[in-house]
1. Scan the range 54-65 and tell me whether some residue there is in a loop (DSSP other than H, G, I, E, B), of a type in the set (Val, Ile, Thr) and on the phi < 0 side of the Ramachandran plot.
2. Tally time: how many residues in the range 283-312 are without any contact (Cβ under 8 Å) to a residue 40 or more places away in the chain and either buried (at least 18 other Cβ atoms within 10 Å of the Cβ) or within 26 Å of the chain's Cα centre (by Cα) (or both)?
3. I'd like the full set of residues that are at pLDDT 90 or above and either outside any helix (DSSP H, G or I) or aromatic (Phe, Trp, Tyr) (or both), limited to the range 283-322.
4. In the range 100-116, how many are part of a strand (DSSP E or B) and either closer than 21 Å to Ile174 by Cβ or touching a His at 6+ places or on another chain (Cβ under 9 Å) (or both)?
5. What number of residues within the range 3-49 satisfy the criterion of being surrounded by fewer than 10 Cβ atoms within 10 Å (Cβ to Cβ), within 16 Å of Val190 (Cα to Cα) and either in the same structural domain as Gly201 (by TED's automatic domain parsing) or at pLDDT below 75 (or both)?
6. Is it the case, given these coordinates, that Val109 is free of Cβ contacts under 8 Å to residues at least 60 places away in the same chain, in contact with a Leu (Cβ under 6 Å, 6 or more places away or on another chain), under 20 Å from Val182 (Cβ atoms) and surrounded by 14 or more Cβ atoms within 10 Å (Cβ to Cβ)?
7. Being in a loop (DSSP other than H, G, I, E, B), among the small types (Gly, Ala, Ser) and in contact (Cβ under 8 Å) with a residue 24 or more places away in the chain is the filter here; which residues of the range 117-162 pass it?
8. Restricting to the range 98-126, and then to whatever is under 14 Å from Ile70 (Cβ atoms) and charged (D, E, K, R), can you tell me which residue is nearest to the chain's Cα centre (by Cα)?
Amino acid sequence: MTKFIRRLQKVGSSILVSLPVEWVVANRLGKSDEVELETGTNSISITPTGNSRPPKEVVIEYPLSKQENISADVTGAYLLGYDIIKIKGRSAISVEDRERIRGLMRRLVGMEIVDEDSTNLNVQFLLDATTMSPDKILKRMGSIALALFRDTANSLVSDDRTVLQTIPSRDDEIDRQYFLLVRLIRSALVDRRLATAFNLGNIDILDYRVAANVMETAGDTIVELANSIQDITTSKADSKRLHSLAMEIEYIHEKSITSFVENNRLLAIEAIRSFREYQKRISELRSHGSKNHLSIQFLDLVYTLEKLARCWADIADLVKPVYT
């Protein structure tokens, strides 16, 4: 971020300050164009309004150095909020890299290839960020994760566990929404116009970033749980006991997501209290494990369930207390 020093001037009864010409040119502003002012206690931000904001553009020179790869560079530009990503080649772009980019387009919501030839390839973000909602994206991630978890947990008491084979591919949708959410909240951090549209302050943006990361971790943990259940051989009694433990996590999950999105502190406290009670049950189960001859596989699944429950409790922990 470039800083400029300007001296205030008084013209008639008004106090004026000039804008840096570099900023004006970069944002394609001219006489009679409007800008939006947002004031804080000791700060003021100026943002081009509506259609005045130019698309953010980045150029990736191709071929890349050996330390880099095209997938990481394009994903990084997407997460940084670039609207147009141009891959400009000094030589022909390889078939392998083109396929990697096409594969990325299926993972990066809103990105499409808009132009390409042998040495150049341009992708563009075609959605209007101001029409999106971080809280709805987070709720969608939560709904997908809950469906994945229910199917995984129910397989413990089912004779047919083929549904477990679908869990990793279904988790890909959580990853897609995660990338989109990270892009939006990073963009809101540097674009006050977008932050205002989302009704997010700086602390809220940070909390959403943490919540998104926890949610993505929860999806990976469910995949880990599904893989473990596929390999485990337990008695029906132990399977029912694990299923019962798993079902208790649903309550923590639902209360945590709702409390975060609605900023409901009482609901968050309820979710955290439920998690602590769940921890006590897990601790008692472990302490009696040796006496009851519970298998290592069984205890590993219990550990994974506790790790998942902690993810939801961590999201509830982000809900801020209300001070009066």
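1. Of the residues in the range 54-65, the ones in a loop (DSSP other than H, G, I, E, B) are 54-56, 63-65.
In the following step, the residues that additionally are of a type in the set (Val, Ile, Thr) were identified as none.
No, the range 54-65 has no match at all.
2. Looking only at that region, the number is 3.
3. Tyr303, Trp312, Leu318, Val319, listed by residue number.
4. Our first condition is that a residue be part of a strand (DSSP E or B); within the range 100-116, this holds for 111-116.
With either closer than 21 Å to Ile174 by Cβ or touching a His at 6+ places or on another chain (Cβ under 9 Å) (or both) added as a condition, the list becomes 111.
So the count comes out to 1.
5. 1
6. Working: free of Cβ contacts under 8 Å to residues at least 60 places away in the same chain: no; in contact with a Leu (Cβ under 6 Å, 6 or more places away or on another chain): yes; under 20 Å from Val182 (Cβ atoms): yes; surrounded by 14 or more Cβ atoms within 10 Å (Cβ to Cβ): yes.
Answer is no for this residue.
7. So the first thing to find is which residues in the range 117-162 are in a loop (DSSP other than H, G, I, E, B), and the list is 117-119, 126-128, 132-133, 158-161.
Then keep just the ones that are among the small types (Gly, Ala, Ser); that gives 118, 133, 158.
If the condition is that a residue be in a loop (DSSP other than H, G, I, E, B), among the small types (Gly, Ala, Ser) and in contact (Cβ under 8 Å) with a residue 24 or more places away in the chain, then Ser118, Ser133 are the ones that fit.
8. Filtering the range 98-126 for residues that are under 14 Å from Ile70 (Cβ atoms) and charged (D, E, K, R), the one nearest to the chain's Cα centre (by Cα) comes out as Arg107.
The values are calculated or read from the model by the stated rules, or taken from the named source; none is laboratory data. Quick caveat: nothing in here was measured; it's all calculated off a predicted structure. Cβ atoms come from the backbone with ideal geometry, glycine included; neighbour counts cover every protein chain shown.
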